[in-house]
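**Q** First the structure, which I've put down as structure tokens, then a few questions once you've had a look.
The values are calculated or read from the model by the stated rules, or taken from the named source; none is laboratory data. What you see is a predicted model; the values in this text were computed from it and never measured. Here the Cβ is made from the backbone with ideal geometry for all residues, glycine too, and neighbour counts use every protein chain on show.
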Amino acid sequence: VRLGDVFYVFSGNSFKSGDFNNLVGVRVIKITNAGVGKLIETNDFLPESFLNEYESYKVIEGDLILALTRPYISTGLKISYCPPLYDNSLLNQRVAAIRAFVDTGFLYKYMQSVYVLGLYQARFGGSGLQPNLKMGDVTDLVIPIPSEEEQHRIVKKVDELMTLCDQLKARLIAAQTT
């Protein structure tokens, strides 16, 4: 299926630079927050009143956050979960949020795959242009949807394998330092 057919996908608003402050208000997720596997915390806030005024840009804990500008770096696609600290924050321009009404674990693992990274890299490869995803690049992405049981099994297996990779890496580093 196409991602946009089964998940709610939205991008952020272009708030005015004069509206931002670094002290109080509602947190905002900007392109600088988008990291590979982790949302990078900053002290960017908008007025508290914006939460009601810009309700359609509200991000909740567990949403997937995806950079639309420079969506990948050498370590992978800039996608992460929205952490508790950013629950009920607002989404700024050039960042997308993907909301599921079921467990997003499988989609998150799929989006982190070398397959998806390769699709996006191929789209911009060799052009010399700064990669900028359009919403259609996200919503039109074809994704497999196995049964919910199979999704949980896949996520569990990927997590197990990644743990083994981390252990192997730690052993290799320890062996190199002795």
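**Q** Under 6 Å between Cβ atoms, at least 6 apart or on separate chains: pull out the pairs that start in the stretch 151-178 with a residue that is free of Cβ contacts under 8 Å to residues at least 12 places away in the same chain and end on any residue that is exposed (fewer than 11 other Cβ atoms within 10 Å of the Cβ) and assigned to a helix (DSSP H, G or I).
**A** From the stretch 151-178, no pairs qualify.
**Q** Looking only at residues in the stretch 1-21 that are modelled with pLDDT of 95 or more, part of a loop (DSSP other than H, G, I, E, B) and more than 19 Å from the chain's Cα centre (by Cα), which one is surrounded by the most Cβ atoms within 10 Å (Cβ to Cβ)?
**A** Of everything passing the filter in the stretch 1-21, Phe15 is surrounded by the most Cβ atoms within 10 Å (Cβ to Cβ).
**Q** Regarding Tyr81, is this residue on the phi < 0 side of the Ramachandran plot and modelled with pLDDT under 95?
**A** no
**Q** Hey, another quick one. Does the stretch 157-169 contain any residue that is in a helix (DSSP H, G or I), buried (at least 16 other Cβ atoms within 10 Å of the Cβ) and out of contact with any Phe, Trp or Tyr (no Cβ under 6 Å at 6 or more places or on another chain)?
**A** Checked against the condition, which is being in a helix (DSSP H, G or I), buried (at least 16 other Cβ atoms within 10 Å of the Cβ) and out of contact with any Phe, Trp or Tyr (no Cβ under 6 Å at 6 or more places or on another chain), the stretch 157-169 yields at least one hit.
**Q** Restricting the search to the stretch 22-43, which residues are among the basic types (Lys, Arg) and either assigned to a loop (DSSP other than H, G, I, E, B) or over 20 Å from the mean Cα position of the chain (by Cα) (or both)?
**A** Matches in the stretch 22-43: Lys30, Lys38.
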